[in-house]
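Trainee: Pasting a structure below so you can have a look.
The values are calculated or read from the model by the stated rules, or taken from the named source; none is laboratory data. Not measured: the values here are computed from a predicted model. Cβ coordinates were reconstructed from backbone atoms using ideal geometry, including for glycine residues, and neighbour counts include every protein chain displayed.
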Amino acid sequence: MRSVFSFNADWLYAPADLPLAASDADFAPVALPHTNIELPYHNFDNADYQFISTYRKRFKLPERLNGRRVFLDFEGVMIACTVFVNGRRYGEHGGGYTPFSEDITDALNADGDNVIQVSVDSTERADIPPYGYVVDYLTFGGIYREVSLRYVEPAHIEQVFVKTHDVLSEQPRFEIDITVRNTGERPVTAEIKAYFMEDIEGDSRPEVTLQPGERRTTTVSFNDLLGTFALWTLDQPTLFTATVSLSYRDAESYRDDKVDVRFGFREAVFKDDGFYLNGEKLQLVGLNRHQTYPYIGAAAPARLQRRDADILKHQLGLNLVRTSHYPQSRHFLDRCDEIGLLVFEEIPGWQFIGDVDWQALSLRDVQAMIERDRNRPSVVLWGVRINESFDDEIFYRATNELAHLLDPTRQTGGVRFFLGSQFLEDVFTFNDFSKGVLEPVHTPHLITEYNGHMFPTKTFDQEERQIEHAHRHALIQDLAFANPRVSGAIGWCAFDYNTHREFGSGDRICYHGVSDIFRLPKWAAFVYASQVAPSVRVVLQAMTFWTMGDRSEGGNDPLLVATNCDEVEVWAGDDNKLGRFQPDRAAYPHLPHPPITVRGGSMMGVWGRAYQDLRVVGYVDGQAVIEQRIAADGVPRKLELRADDDVIGADGSDMTRITVRVTDKYGNRLPFATAAIHFEVSGDADFVGENPFSLIGGQGAVYIRARHTPGVVTVRAESLTPYKHLQPVSVTVLLE
């Protein structure tokens, strides 16, 4: 039988290129995922992570071999690595964004001690995508995704691909392509079975004879499914499991292999007049996502990866994410499947196409990406061009042909930045930097970037800039909604991220996100959040600090409110009602829920006149449903500390975010409160972050990483800046 074991615990690590003969004393204990160096959230040099490091793990086999093969499965090592098992060297793997496996059976001591050593080269090598030229993001280093130990029979299932067909018809069906491989020394004749919903068996039980070393694909079909399944939709993302088994008898015993694969029934297609999900036209509203996190680079465990998907869908209200510019963690994509968030996934790269060997690695990435993720209902488009590269007909015909061969059920796109680009893919995916929406030359047409890099915005910027940032996102989405030949628009980008010195701000952060690097929202985030129906979630955010001196001309007129309410009532003090105001359809005629523009004359601020508290009340169907108040005094009244999770796993790698804010008496962050916050952690967890931490825009975040002992962890925060009203606060997290 197949067995798969997590192999993330009990590693040793050294930030140096150590020989096999090095003592364990030269290493420190770590758990995976692991970054080769923890860094400040900003103001560091990308050279800091560019070195060769060494990982080592000693182990005994968790099960007897019983004639099985053993594979070591790596989900991501940045950016190249060489694996040694008991001194035996396996070839170098180049590329940090796609998984790879090594058959380590012949190097193992079946009944004794074993040692794995991995040499990890995290230098930005020009021979490996995305490098070769400048790149506007950082790759970081280490064994930054998970590792598994996998036992399989000599003849086993290698790939399973579920292809659904005609799901909207009266004769829905699907088929499963099953690739099996014989790694043994003798021919085998094996029977293949497939089941759906436990008791529905496929229409055939193919029998295949495999010669030693042979790989073969066979297909099992499932017909007459009407009434047995539900569609995968954005609101009800129903998932199913198919089980595939292979069984045979060799000279020694009866052997079988079994694989479960999760999938969904849905029809997703880009047409000349837009995108259709299950036959219904859907305007795509999305953002790009980088996998960069503060302090830990890209080495985020499953919990943080999954939370990013939740933020995009449930906080920002998106229906699509682009994995810029590489395949991302399976945990992130798992969550997209589970919550109904569409994905445009693309291969690694940024503007540069390398030589023949470089292109071969890129083609390998196409294959690895598609074979890993083609069963995911969330994935609706493969990105098979290097982001923003110039045309290369031979190369891009090859990437498209490979994608269609591996997955004939999905369309391809390729992100370019000029309308005259050769159109080889199924969807013309285009970075529109015109500050508007250009008329498509080819359809289907999907805007894949706009705005952010042309108007980077910090949470502590002047009020006008933050409003303009929000306006630009609202404007492009409005123009995309207006054009029936545009399938949708994906903004640049969701979260701020670290970058090279050639890009970004003086602290080497690209402040291009609608949220900061800690995933905390800027005002532009509420433009997206407010596009959901109020029946889903009511949103209201006044885009103001409610001060006299944070605009060039002073005051707050006009005041913008991001909301999905029908109207808002605005008060400047208990006795000064400014009136009721409706969505600004003159400025944003096509958005589902335009921001509201409030004009109030002298009540919105006069030099030298005292402010009174702002009160904004949102109404839906004539009923008051939400209210925001902003204090006029701007005095820090509260230190707010929150943990994203009440419970995390005591496995040595699980993490949760701890957010901290200084607020007024109503809970609004004060963007110019730069308090230094000191943290204390008690319990079996490690603090990840800067301590003390200086707030950015009145807010920030740190993390805790669980160790191995169940119990309670308490995080205490205290302001070292002597604000009069700020008292120490604590949160607790249970490790189990």
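Trainee: For Ala525, state whether it is touching a Ser or Thr at 6+ places or on another chain (Cβ under 7 Å), part of a strand (DSSP E or B) and closer than 21 Å to Arg465 by Cβ.
Mentor: Criteria not met by Ala525.
To keep it simple, each residue is scored yes or no on (1) at pLDDT below 95; (2) surrounded by 21 or more Cβ atoms within 10 Å (Cβ to Cβ); (3) within 30 Å of Phe7 (Cβ to Cβ).
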residue	(1), (2), (3)
Arg642	no, no, no
Lys665	no, no, no
Ser682	no, no, no
Ala685	no, yes, yes
Val713	no, yes, yes
Ser719	no, yes, no
Pro722	yes, no, no
Pro728	no, no, no
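A quick yes/no check of all residues on (1) outside any helix (DSSP H, G or I); (2) in the same structural domain as Leu318 (by TED's automatic domain parsing); (3) among the β-branched types (Val, Ile, Thr):
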residue	(1), (2), (3)
Ile370	no, yes, yes
Ser434	yes, yes, no
Phe460	yes, yes, no
Glu464	no, yes, no
His471	no, yes, no
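Trainee: Also, I was wondering about something else. Of all the strands (runs of 3 or more DSSP E) wholly in region 97-185, which have at least 1 residues that are surrounded by fewer than 19 Cβ atoms within 10 Å (Cβ to Cβ), of a type in the set (A, V, I, L, M) and more than 26 Å from the chain's Cα centre (by Cα)?
Mentor: Values: elements: 100-103, 114-121, 147-152, 155-165, 173-182.
Those strands (runs of 3 or more DSSP E) span 114-121.
Trainee: Something else: From the list Arg410, Arg385, which residue is at pLDDT 95 or above and touching a Gly at 6+ places or on another chain (Cβ under 7 Å)? Reasoning before the result, please.
Mentor: Values: Arg410 fails: touching a Gly at 6+ places or on another chain (Cβ under 7 Å).
Among Arg410, Arg385, only Arg385 is at pLDDT 95 or above and touching a Gly at 6+ places or on another chain (Cβ under 7 Å).
Trainee: Could you list, in sequence order, all residues of region 218-245 that are closer than 28 Å to Arg181 by Cα and outside any loop (DSSP other than H, G, I, E, B)?
Mentor: Thr218, Thr219, Val220, Ser221, Phe222, Phe240, Thr241, Ala242, Thr243, Val244, Ser245
Trainee: Can you confirm whether Ala21 is touching a Gly at 6+ places or on another chain (Cβ under 7 Å), farther than 20 Å from Pro154 by Cβ and hydrophobic (A, V, I, L, M, F, W, C)?
Mentor: Working: touching a Gly at 6+ places or on another chain (Cβ under 7 Å): no; farther than 20 Å from Pro154 by Cβ: yes; hydrophobic (A, V, I, L, M, F, W, C): yes.
When the stated conditions are applied, Ala21 does not pass them.
Trainee: Next question. In the set Val379, Val356, which member is assigned by TED's automatic domain parsing to the domain that holds Arg307 and touching an Asp or Glu at 6+ places or on another chain (Cβ under 9 Å)? Before the answer, list the steps.
Mentor: Details: Val356 fails: touching an Asp or Glu at 6+ places or on another chain (Cβ under 9 Å).
Step by step, each of Val379, Val356 is checked, and only Val379 is assigned by TED's automatic domain parsing to the domain that holds Arg307 and touching an Asp or Glu at 6+ places or on another chain (Cβ under 9 Å).
Trainee: Would you mention how many residues in region 58-71 are surrounded by fewer than 21 Cβ atoms within 10 Å (Cβ to Cβ) and not in a loop (DSSP other than H, G, I, E, B)?
Mentor: So the answer is 4.
Trainee: Does Glu425 satisfy being of a type in the set (D, E, K, R), under 27 Å from Gly132 (Cβ atoms) and in contact with a strand residue (DSSP E or B) (Cβ under 9 Å, 6 or more places away or on another chain)?
Mentor: Numbers: of a type in the set (D, E, K, R): yes; under 27 Å from Gly132 (Cβ atoms): yes; in contact with a strand residue (DSSP E or B) (Cβ under 9 Å, 6 or more places away or on another chain): yes.
Criteria met by Glu425.
Trainee: Pick out the one residue from Thr659, Thr674 that is closer than 22 Å to Leu726 by Cα and modelled with pLDDT under 95. Quick ask: steps written out before the conclusion?
Mentor: Working: Thr659 fails: modelled with pLDDT under 95.
After ruling out the rest, the residue left standing is Thr674.
Trainee: Out of Gly286, Gly317, I need the residue that is small (Gly, Ala, Ser), buried (at least 18 other Cβ atoms within 10 Å of the Cβ) and in a strand (DSSP E or B). Which one?
Mentor: On the way: Gly317 fails: in a strand (DSSP E or B).
Just a single option satisfies the conditions, and that option is Gly286.
Trainee: Could you check Asp478 against (1) among the charged types (D, E, K, R); (2) more than 22 Å from the chain's Cα centre (by Cα); (3) within 22 Å of Phe672 (Cα to Cα) and say which number it fails?
Mentor: Evaluating Asp478 over (1) among the charged types (D, E, K, R); (2) more than 22 Å from the chain's Cα centre (by Cα); (3) within 22 Å of Phe672 (Cα to Cα) leaves (3) as the failure.
Trainee: Also, I was wondering about something else. I'd like the residue in region 504-543 that is of a type in the set (S, T, N, Q) and touching a residue at least 40 places away in the same chain (Cβ under 8 Å) and, out of all such residues, is farthest from Gln462 (Cα to Cα).
Mentor: In the first step, residues of region 504-543 are kept if they are of a type in the set (S, T, N, Q); the result is 505, 515, 530-531, 535, 541.
If we keep only those that are touching a residue at least 40 places away in the same chain (Cβ under 8 Å) as well, we get 505, 515, 530-531, 541.
Details: Ser505: 16, Ser515: 16, Ser530: 23, Gln531: 25, Gln541: 17 Å.
Applying the filter and picking the extreme gives Gln531.
Trainee: I'd like to check which strands (runs of 3 or more DSSP E) are fully inside region 647-718 and have at least 2 residues that are outside the structural domain of Glu463 (by TED's automatic domain parsing), within 24 Å of the chain's Cα centre (by Cα) and hydroxyl-bearing (Ser, Thr, Tyr).
Mentor: Working: elements: 655-663, 676-682, 685-688, 699-706.
Output list reads 655-663.
Trainee: What number of residues within region 1-41 are part of a loop (DSSP other than H, G, I, E, B), touching a residue at least 24 places away in the same chain (Cβ under 8 Å) and of a type in the set (Gly, Ala, Ser)?
Mentor: So the first thing to find is which residues in region 1-41 are part of a loop (DSSP other than H, G, I, E, B), and the list is 1-2, 7-10, 15-23, 27, 31-41.
Then drop every residue that is not touching a residue at least 24 places away in the same chain (Cβ under 8 Å), which leaves 1-2, 7-10, 15-18, 20, 22, 27, 31-41.
Next, only the ones that are of a type in the set (Gly, Ala, Ser) stay: 9, 16, 22, 31.
Within region 1-41, residues that are part of a loop (DSSP other than H, G, I, E, B), touching a residue at least 24 places away in the same chain (Cβ under 8 Å) and of a type in the set (Gly, Ala, Ser) number 4.
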